[in-house]
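Colleague: Next up is a structure, given as structure tokens.
The values are calculated or read from the model by the stated rules, or taken from the named source; none is laboratory data. Keep in mind that what you see is a predicted model, and the values were worked out from it rather than measured. Note: ideal-geometry Cβ built from the backbone for every residue, glycine included; neighbour counts use all protein chains shown.
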There are 2 protein chains.
Amino acid sequence: MPFSFNVLQSQGAARAGVFATPHGDIATPTFMPVGTLATVKALDPDDLHRAGATMVLSNAYHLHLRPGDELIRSMGGLHKFMGWDGPMLTDSGGFQVFSLETLRTISEQGVEFRSHINGDAKFFTPETVIGIERNLGADVMMQFDHVIPGQSAEPVARDAMERSARWLARCLTTFNESAANAPFEQALFPIVQGGIHPDLRRESVLRIAELGDWVGFGVGGLSVGESKPDMYAMLETTDAVIPRDRPRYLMGVGFPEDLIEGVRRGIDLFDCVAPTRMGRTGAVFTHDGRLNVKRAELRADPGPLDPDCDCPTCTRFSRAYLRHLFVTEEILGLRLLSLHNVHFLIRLMRTAREHIASGTFDRWSADWLARYFAKSEITR
Amino acid sequence: MPFSFNVLQSQGAARAGVFATPHGDIATPTFMPVGTLATVKALDPDDLHRAGATMVLSNAYHLHLRPGDELIRSMGGLHKFMGWDGPMLTDSGGFQVFSLETLRTISEQGVEFRSHINGDAKFFTPETVIGIERNLGADVMMQFDHVIPGQSAEPVARDAMERSARWLARCLTTFNESAANAPFEQALFPIVQGGIHPDLRRESVLRIAELGDWVGFGVGGLSVGESKPDMYAMLETTDAVIPRDRPRYLMGVGFPEDLIEGVRRGIDLFDCVAPTRMGRTGAVFTHDGRLNVKRAELRADPGPLDPDCDCPTCTRFSRAYLRHLFVTEEILGLRLLSLHNVHFLIRLMRTAREHIASGTFDRWSADWLARYFAKSEITR
């Protein structure tokens, strides 16, 4: 079994661990940059290595449409195709097809939808999605799940949670049946659903556990419109019921404050498009909150984006220069800010890990959040 | 004197030399990537070093408008502003303001024009342009010259050549007067003009020589609409009259075939936006001619852009992947193709230099061009 997870140290619910995969070990907690279309936008694999990335995400929905998962399989799999030799995870496309709204029809069998690229009719089922993820060949593949808005009422959330559990069983059957002919060693992660309803979250974990012994667990349906206290409450609920000796992956969460709050509640893996998407609009994370480089007062600012950052952007370029790149719409600006933001989150998690190991995580995380919000325009 | 030029070997008119500047030595012949707005589009300084770039261009006109040359001076000069520690050259903006067509008024004093960004009225004279280039602080600054279309008749070309010579005298006066207070050691290059008229080209060199002893010479007003035989004929004319112990810079020329033909006619330095501009449209140079990565038949092509290229794009990524990046409009594609094209031209000139040194340049360059055009859709 090429997958394992070892918790090396813990402080409260926070854990410092190592998640071993066929493409290498991942020191947890960590942030995983998102390479939706087989590239973390504006960054190349060497950029990702320099930013300290160990595991990278990609997306079954997007890659199925372009360039096609069959093509990627024929080219030797996603690792080879995109030139990333480290661990990789693919999302199932559940979030994407349920986000299509008017373009989709949901049934117990699966989701009919039209491609957002060319309108082609498509049908995603647990079986077809596992086929796609097998073709891509990521180390970890996520189950196809039923995703709902964050504030959904209990009956809606129950229905989606129960369907996700039934779809998980079908995913697992296809996953097992396809193992013999699969060109890559892969693990299937279930996704805990249940919206903002603690009983549903607990029941989701129980139903998942009935189906087998899992390499790790996704926690889905959060950071999708619910309040922060609701999200944090759900993480406390799932922390209490997901086996402690398995990695937990909080899907789609990528702001620094949420990463720290997640680690406090037993989360090991995070992903989000926020650092790269924000970077492309000129917004960056700093230890003193968020900053937009287009602000006029940075015009002649010789300092780095963040004086406490050691990324290739902060060590080489001034705020004045980065502002100039954004004002003149130079492509280089998109890369340099994406690089900073990804580096920032990965380093944040590495630092958290060091403090968990040394028993100083509680104090450090409280101080970190206090500084982050002290000068920030955003509030907790 | 921090500037010098030594011809180490020559074969016919082709020379292998070293051009020494305050920011380092340049092995010639070489191609200089163009960083119009203080960035070679989509590339950072480390990319340029990896591509083998030694000297980089930037542009007085564009930087005067954004972010402003005074700001760049206050930030410590262009080298520091853009993070490039190697040799640098600034173009004077002559080509840009004369390209504005309806937005400009030319007089003996200078050129009145409106900014293409916000319509602000501006007045470029030899004196103001030298002031701008002093603020930028590049190792080499080009004179402000009168640029005309490539096929201009003799009277028009004579008028522009003579005005360029008078403007050179004014540039030189301002250059000398500003030397004492200049924060950077810089050299001023004159620009040989005269259109496609050999007599005017010779007279231009004579007028320039009357004004002083120059560190190097620009050859301007070529690759602007005249035929290739006309361009090559002008290079033969200037080769015969520009002092052989000075570097010659053929302005705005950047296709592989023209670089080789230029070296054959005594040119040492080239620049052009072509490799980056083409790269952003999906077009690349290869040893077998040009290739557009968006072509459908590359969809599953596992090979590199050019099997004989050792750039960071060709050694890491397949044509199929690069095509995918362009089809999906991913930013990374712009960088990877720009990187390949810049690397390609720099390596071509490094190889030419090696063959000049070993006495095999004539044979190598003939073979190189034969292969390049054999499969190419473009013709000689």
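Here is a yes/no grid of residues against (1) among the charged types (D, E, K, R); (2) within 16 Å of the chain's Cα centre (by Cα); (3) over 20 Å from B:CYS314 (Cβ atoms):
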{"residue": "A:LYS41", "(1), (2), (3)": "yes, yes, yes"}
{"residue": "A:LEU48", "(1), (2), (3)": "no, yes, no"}
{"residue": "A:PRO67", "(1), (2), (3)": "no, no, no"}
{"residue": "A:ASP91", "(1), (2), (3)": "yes, yes, yes"}
{"residue": "A:GLN96", "(1), (2), (3)": "no, yes, yes"}
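Colleague: Based on this model, can you work out whether A:ALA283 counts as surrounded by fewer than 20 Cβ atoms within 10 Å (Cβ to Cβ), closer than 28 Å to B:ILE331 by Cα and more than 14 Å from chain B (Cβ to nearest Cβ)?
Modeller: Criteria met by A:ALA283.
Colleague: Something else now. Only one residue in B:LEU345, B:LEU291, B:LEU334 is within 14 Å of chain A (Cβ to nearest Cβ) and either within 19 Å of A:LEU78 (Cβ to Cβ) or among the aliphatic types (A, V, I, L, M) (or both), so which one is that?
Modeller: After applying the criteria, what remains is B:LEU334.
Residues checked against (1) closer than 18 Å to B:SER58 by Cα; (2) surrounded by fewer than 19 Cβ atoms within 10 Å (Cβ to Cβ); (3) β-branched (Val, Ile, Thr):
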| position | (1), (2), (3) |
| --- | --- |
| B:LEU71 | yes, yes, no |
| B:SER74 | yes, yes, no |
| B:LEU78 | yes, no, no |
| B:GLY119 | no, yes, no |
| B:VAL129 | yes, no, yes |
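Colleague: So, one more: Restricting attention to the stretch A:363-380, and to residues there that are part of a loop (DSSP other than H, G, I, E, B) and charged (D, E, K, R), which single residue is farthest from A:PHE255 (Cα to Cα)?
Modeller: A:LYS375
Colleague: Kindly establish whether A:ALA300 is surrounded by 20 or more Cβ atoms within 10 Å (Cβ to Cβ), within 14 Å of chain B (Cβ to nearest Cβ) and either on the phi < 0 side of the Ramachandran plot or among the β-branched types (Val, Ile, Thr) (or both).
Modeller: no
Colleague: Has the stretch B:364-380 got any residue that is out of contact with any strand residue (DSSP E or B) (no Cβ under 9 Å at 6 or more places or on another chain) and within 14 Å of another protein chain (Cβ to nearest Cβ)?
Modeller: no
Colleague: For the stretch B:318-331, enumerate the residues that are within 17 Å of A:LYS80 (Cα to Cα), at the interface with chain A (Cβ under 9 Å from one of its Cβ atoms) and surrounded by fewer than 24 Cβ atoms within 10 Å (Cβ to Cβ).
Modeller: Listed by number, the residues that qualify are B:SER318, B:ALA320, B:ARG323.
Colleague: Oh, and also: Just to be sure I understand, how many residues within the stretch A:202-241 are on the phi < 0 side of the Ramachandran plot and not in a helix (DSSP H, G or I)?
Modeller: Within the stretch A:202-241, the subset on the phi < 0 side of the Ramachandran plot is A:202-211, A:213-220, A:222, A:224, A:226-241.
Right, trim to not in a helix (DSSP H, G or I) and you get A:213-220, A:222, A:224, A:226-227.
The number of residues fulfilling the criteria is 12.
Colleague: Quick check, is A:ARG350 part of a helix (DSSP H, G or I) and not hydroxyl-bearing (Ser, Thr, Tyr)?
Modeller: yes
Colleague: Same structure again: Could you please give the count of residues in the stretch B:222-267 that are small (Gly, Ala, Ser) and in contact with a Pro (Cβ under 9 Å, 6 or more places away or on another chain)? Even if it seems obvious, please write down each step before you answer.
Modeller: Taking the stretch B:222-267 as the starting set, the residues that turn out to be small (Gly, Ala, Ser) are B:223, B:225, B:227, B:233, B:240, B:252, B:254, B:262, B:266.
Narrowing further to those that are in contact with a Pro (Cβ under 9 Å, 6 or more places away or on another chain): B:225, B:233, B:254, B:262.
Qualifying residue count, the stretch B:222-267: 4.
Colleague: Here is a follow-up. Considering only residues of the stretch A:174-230 that are of a type in the set (Gly, Ala, Ser) and touching a residue at least 60 places away in the same chain (Cβ under 8 Å), which is surrounded by the fewest Cβ atoms within 10 Å (Cβ to Cβ)? I'd like the intermediate steps shown before the answer.
Modeller: Let us first name the residues in the stretch A:174-230 that are of a type in the set (Gly, Ala, Ser), namely A:178-180, A:182, A:187, A:194-195, A:204, A:209, A:212, A:216, A:218, A:220-221, A:223, A:225, A:227.
Within this subset, residues satisfying the condition of being touching a residue at least 60 places away in the same chain (Cβ under 8 Å) are A:187, A:216, A:218, A:220-221, A:223, A:225.
Numbers: A:ALA187: 18, A:GLY216: 22, A:GLY218: 25, A:GLY220: 31, A:GLY221: 34, A:SER223: 20, A:GLY225: 14.
Within the stretch A:174-230, the match that is surrounded by the fewest Cβ atoms within 10 Å (Cβ to Cβ) is A:GLY225.
For every residue, the table says whether it meets (1) closer than 17 Å to A:ASP139 by Cβ; (2) in the same structural domain as A:ASP139 (by TED's automatic domain parsing); (3) crowded, with 20+ Cβ neighbours inside 10 Å; (4) free of Cβ contacts under 8 Å to residues at least 24 places away in the same chain.
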position: A:ALA20; (1), (2), (3), (4): yes, yes, no, yes
position: A:ILE26; (1), (2), (3), (4): yes, yes, yes, no
position: A:ASP47; (1), (2), (3), (4): no, yes, yes, no
position: A:ASP85; (1), (2), (3), (4): yes, yes, no, no
position: A:ARG104; (1), (2), (3), (4): no, yes, no, yes
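Colleague: Ok, one more. Could you list, ordered by first residue, the pairs with Cβ atoms under 9 Å in which the first is in the stretch B:238-253 and touching a residue at least 40 places away in the same chain (Cβ under 8 Å) and the second is assigned to a strand (DSSP E or B) and small (Gly, Ala, Ser), at least 6 apart or interchain?
Modeller: Listed pairs, sorted by first residue: B:ARG244/B:SER10; B:PRO247/B:GLY17; B:TYR249/B:GLY218; B:MET251/B:GLY218.
Colleague: Something else about it: Is there a residue in the stretch B:106-115 that is within 14 Å of chain A (Cβ to nearest Cβ), aromatic (Phe, Trp, Tyr) and buried (at least 16 other Cβ atoms within 10 Å of the Cβ)?
Modeller: No, the stretch B:106-115 contains no residue that is within 14 Å of chain A (Cβ to nearest Cβ), aromatic (Phe, Trp, Tyr) and buried (at least 16 other Cβ atoms within 10 Å of the Cβ).
Colleague: Which numbered condition trips up A:GLY252, out of (1) in the same structural domain as A:ILE26 (by TED's automatic domain parsing); (2) over 11 Å from the mean Cα position of the chain (by Cα)?
Modeller: Unmet for A:GLY252, out of (1) in the same structural domain as A:ILE26 (by TED's automatic domain parsing); (2) over 11 Å from the mean Cα position of the chain (by Cα): (2).
Colleague: Please give the number of the condition B:ASP199 fails out of (1) assigned to a helix (DSSP H, G or I); (2) touching a Ser or Thr at 6+ places or on another chain (Cβ under 6 Å).
Modeller: Every listed condition holds for B:ASP199 apart from (2).
Colleague: Just checking, how many residues over the stretch A:307-316 are more than 24 Å from the chain's Cα centre (by Cα) and surrounded by fewer than 24 Cβ atoms within 10 Å (Cβ to Cβ)?
Modeller: Residues meeting the conditions: 4.
Colleague: In addition: What tally of residues in the stretch B:147-157 results from selecting those that are assigned to a helix (DSSP H, G or I) and closer than 18 Å to B:SER223 by Cα? Walk me through how you get there before you give the answer.
Modeller: Kept after step one, since they are assigned to a helix (DSSP H, G or I), are these residues of the stretch B:147-157: B:154-157.
The next check asks that each one be closer than 18 Å to B:SER223 by Cα; those that pass are B:154, B:156-157.
Count: 3.
Colleague: Among the residues of the stretch B:353-362 satisfying the criterion of being part of a helix (DSSP H, G or I) and surrounded by fewer than 24 Cβ atoms within 10 Å (Cβ to Cβ), which is farthest from the other protein chains (Cβ to nearest Cβ)?
Modeller: Residue satisfying both the conditions and the ranking: B:ASP362.
Colleague: Filter the stretch A:363-380 down to the residues that are exposed (fewer than 11 other Cβ atoms within 10 Å of the Cβ) and among the hydrophobic types (A, V, I, L, M, F, W, C), then identify the one that is modelled with the lowest pLDDT.
Modeller: A:ILE378
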